[in-house]
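What follows is a single structure, written as structure tokens, with notes after it.
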Amino acid sequence: MTRCNLHENFFDWNCIDCKEEYKDLKGTNSTDEKSQIKCKCDNKSDKKDSNYKEFTEERARKLYEEIFLQYLKKGKLNEEESIERSKSIIRKQCSLRNIEPWSWV
């Protein structure tokens, strides 16, 4: 599998290695413009411009529910562990977008 050593936290669509890695992960030979994750990031920490989908409380609750059910279906975690892991993923998504997590998280 091709792996880009320069862009480890995101795909740079101008980088040939990133495009190849993306194709390998998707299991396809073409990079569909609609399926590309739009993220413009520099390695400079002072100038980070990320374009994520809007993360509303409604989307967060839906994501939480889906993740929680997936953990329960696996059967390896009990209900409390599933809840905590699901909430930690929601908190991570909030931190990526620089928004304050909701009180239920």
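The values are calculated or read from the model by the stated rules, or taken from the named source; none is laboratory data. Because the structure is a prediction, the values reported are computed rather than measured. Methodologically, a virtual Cβ is constructed for each residue, glycine included, from the backbone with ideal geometry; neighbour enumeration extends over all protein chains shown. To get the accessible areas, we keep the full protein, side chains included, count just its heavy atoms, and leave off ligands, DNA and RNA. Shrake-Rupley method; radii C 1.70, N 1.55, O 1.52, S 1.80 Å.
Here are the numbers for the structure shown:
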quantity	calculated
Close pairs (8 angstrom Cβ cut-off, 6 or more residues apart or separate chains): at pLDDT 90 or above in the range 51-68, of a type in the set (Lys, Arg) anywhere	Arg59/Lys53; Tyr64/Lys87; Ile67/Arg85
Output for the range 64-82, where each listed residue is in a helix (DSSP H, G or I) and open to solvent by 50 Å² or more (accessible area, probe 1.4 Å)	Glu65, Glu66, Leu69, Gln70, Leu72, Lys73, Lys74, Glu79, Glu80, Glu81
Filtered residues of the range 61-92 (kept if under 13 Å from Val105 (Cβ atoms) and among the aromatic types (Phe, Trp, Tyr))	Tyr64, Phe68
Ser95 being in contact with an Asp or Glu (Cβ under 9 Å, 6 or more places away or on another chain) and polar (S, T, N, Q)	no
Conditions (1) modelled with pLDDT of 90 or more; (2) open to solvent by 50 Å² or more (accessible area, probe 1.4 Å); (3) not β-branched (Val, Ile, Thr): number failed by Asp46	(1)
All positions within the range 84-103 that are under 14 Å from Arg61 (Cα atoms), open to solvent by 50 Å² or more (accessible area, probe 1.4 Å) and hydrophobic (A, V, I, L, M, F, W, C)	Ile89, Trp102
